[in-house]
Amino acid sequence: MSTVTENDLKELRDLINSRFDALEKGQIEIKGQMGVIDARLKNLETSSQKIPDLAEKVGELKNWKQISLALFGALLGGLITYLIRNPRL
């Protein structure tokens, strides 16, 4: 083979090797990101398992109408008291 052909082949080998090195680095980065995603997914799974318990606790609150009426009455009473103490002319 001529020296030109050998030099061209060497350049091609170097180019191919550099591309493979870049691909390997990319794969390593992707694997690292996958670990982070897996950790987040596990956190979401544990959080989603708590939802039925919270829904059950809310369902146990049977007097929500009475509680809301009491809060509304307290707010209305506070507003009336404020208006009596600070009349607007």
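General remarks:
- Candidate set: region 48-72, residues that are loosely packed, with under 10 Cβ neighbours inside 10 Å and among the β-branched types (Val, Ile, Thr); chosen: the one modelled with the highest pLDDT: Ile51
- Qualifying residue in region 25-44 (condition: outside any helix (DSSP H, G or I), open to solvent by less than 100 Å² (accessible area, probe 1.4 Å) and not acidic (Asp, Glu)): no
- One residue from Leu75, Leu79 being assigned to a helix (DSSP H, G or I) and open to solvent by 100 Å² or more (accessible area, probe 1.4 Å): Leu75
- Count of residues meeting criterion [small (Gly, Ala, Ser) and open to solvent by 90 Å² or more (accessible area, probe 1.4 Å)] in region 1-24: 0
The values are calculated or read from the model by the stated rules, or taken from the named source; none is laboratory data. Small disclaimer: the values here were computed from a predicted structure and weren't measured. Positions of Cβ are generated from backbone atoms using ideal geometry, with glycine treated the same way; all protein chains shown enter the neighbour counts. Only protein heavy atoms, including side chains, enter the accessible area calculation; ligands, DNA and RNA are left aside. Shrake-Rupley method; radii C 1.70, N 1.55, O 1.52, S 1.80 Å.
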